[in-house]
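Right, one structure below, let's go through it.
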Amino acid sequence: MTIALRITHLNKHFHSTKQALCDINLSANRGEMIALIGASGSGKSTLLRHIAGLLAADPISGSSIEVGGSVIQKDGRIATDIRTSRAKVGFVFQQFNLVDRLSVMTNVLVGLLHRLPVWRGLLGLFNQAERSVAYQALARVGIHDCHGQRASTLSGGQQQRAAIARTLVQGADLILADEPIASLDPESSRNVMEILARINREDNCTVIVSLHQVEIALKYCPRVVALHQGKVVFDGAASALTPKLLRELYGVQVDELLASMPPTQPATSARPPLNSVMSITQAA
């Protein structure tokens, strides 16, 4: 198996006192789809931003993050060639991170900037072949008919699809999705998760998606990593993430992880049904 991501002894303090991440050691193989779960403040977003090279870790000897064999940061220092390394990492933000006044097509083409000369990127000069790639990416996420619209005219679910199309154009080997369905309705949430799962299968890329909804994690992600107060407290098969284990790991905070969404059928019979999870919280 090809290692897509390797994290070693990652620590992060904010304001010199609060430890947001505590000795994180993780690896992910190419083609895995992993759910990153945890209550608010557990460190999910902070961890994803470190993987993307958007935050530097504490300057501790021996800490490192590598994506596809390329160093993102080491000993608390962002790699000098981070622009090249970051091209391998696609980031889907909770609030979409699109430029409202630009067209959907232009927003998606931004994913190509790392491949273009700086002057072409600054002037927004994209050739027909590049526009064709962007259009195909929009078609894969089902919004190619919207390519000429301003991004601000799209619904939340459509904007998130455009953000995913941008990572497709980028050609990312690792896609990080930070609460991508947190602000979406149930139908849009389902569409976004199915698109991410399909990309994972068809492109054999690694997808790590942070979620509050345990039932969504069980349905779409074979592997789950759970964070609690900046520490990895569970890393294993989704089928092993039982209601009892959730209660042991999170206590009363498990209620925050169980979204008030309609019950969904787990992907395999080996995984605990949602109603059994809910019965635990109701009995507490």
Just one listed residue, out of 188, 152, is without any contact (Cβ under 8 Å) to a residue 60 or more places away in the chain, in contact with a Ser or Thr (Cβ under 9 Å, 6 or more places away or on another chain) and not charged (D, E, K, R), and it is 188
Among the residues of the range 144-159, write down those that are part of a helix (DSSP H, G or I), in contact with a Leu (Cβ under 7 Å, 6 or more places away or on another chain) and buried (at least 18 other Cβ atoms within 10 Å of the Cβ). 146, 151, 157, 159
Just to be sure, is residue 162 under 21 Å from the mean Cα position of the chain (by Cα), in a helix (DSSP H, G or I) and surrounded by 23 or more Cβ atoms within 10 Å (Cβ to Cβ)? yes
In this structure, does residue 35 turn out to be within 28 Å of residue 14 (Cα to Cα) and surrounded by fewer than 19 Cβ atoms within 10 Å (Cβ to Cβ)? no
Filter the range 23-48 down to residues that are part of a strand (DSSP E or B) and of a type outside the set (A, V, I, L, M) and give me whichever is nearest to residue 195 (Cα to Cα). 29
Among the numbered criteria (1) outside any loop (DSSP other than H, G, I, E, B); (2) touching a residue at least 12 places away in the same chain (Cβ under 8 Å), which one does residue 57 miss? (1)
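Residues checked against (1) modelled with pLDDT under 90; (2) out of contact with any helix residue (DSSP H, G or I) (no Cβ under 7 Å at 6 or more places or on another chain); (3) under 26 Å from residue 37 (Cβ atoms); (4) not assigned by TED's automatic domain parsing to the domain that holds residue 2:
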position: 140; (1), (2), (3), (4): no, no, no, yes
position: 146; (1), (2), (3), (4): no, no, no, yes
position: 159; (1), (2), (3), (4): no, no, yes, yes
position: 163; (1), (2), (3), (4): no, yes, yes, yes
position: 186; (1), (2), (3), (4): no, yes, yes, yes
position: 193; (1), (2), (3), (4): no, no, yes, yes
Exactly one condition in (1) within 23 Å of residue 214 (Cα to Cα); (2) buried (at least 16 other Cβ atoms within 10 Å of the Cβ) is false for residue 57; which is it? (1)
Among the residues in the range 62-72, are any in contact (Cβ under 8 Å) with a residue 40 or more places away in the chain and within 25 Å of residue 182 (Cβ to Cβ)? yes
Within the range 188-195, is even one residue charged (D, E, K, R) and within 24 Å of residue 133 (Cβ to Cβ)? yes
Using the structure shown, decide if residue 12 is surrounded by fewer than 20 Cβ atoms within 10 Å (Cβ to Cβ) and more than 29 Å from residue 165 (Cα to Cα). no
Specify which of the listed residues (124, 111) is at pLDDT below 90, small (Gly, Ala, Ser), within 23 Å of the chain's Cα centre (by Cα) and over 17 Å from residue 188 (Cβ atoms). 111
Tell me whether the range 211-227 contains one or more residues that are touching a residue at least 60 places away in the same chain (Cβ under 8 Å), over 17 Å from the mean Cα position of the chain (by Cα) and either under 30 Å from residue 105 (Cβ atoms) or not in a helix (DSSP H, G or I) (or both). no
Just checking, does the range 6-22 include any residue being of a type in the set (Phe, Trp, Tyr), under 20 Å from the mean Cα position of the chain (by Cα) and in a strand (DSSP E or B)? no
Within the range 180-194, how many residues are buried (at least 20 other Cβ atoms within 10 Å of the Cβ) and under 13 Å from the mean Cα position of the chain (by Cα)? 4
Taking the criterion of being surrounded by fewer than 15 Cβ atoms within 10 Å (Cβ to Cβ), of a type in the set (D, E, K, R) and out of contact with any Pro (no Cβ under 8 Å at 6 or more places or on another chain), would at least one residue in the range 63-82 satisfy it? yes
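The values are calculated or read from the model by the stated rules, or taken from the named source; none is laboratory data. What you see is a predicted model, and the numbers here were worked out from it, not measured in a lab. Cβ atoms come from the backbone with ideal geometry, glycine included; neighbour counts cover every protein chain shown.
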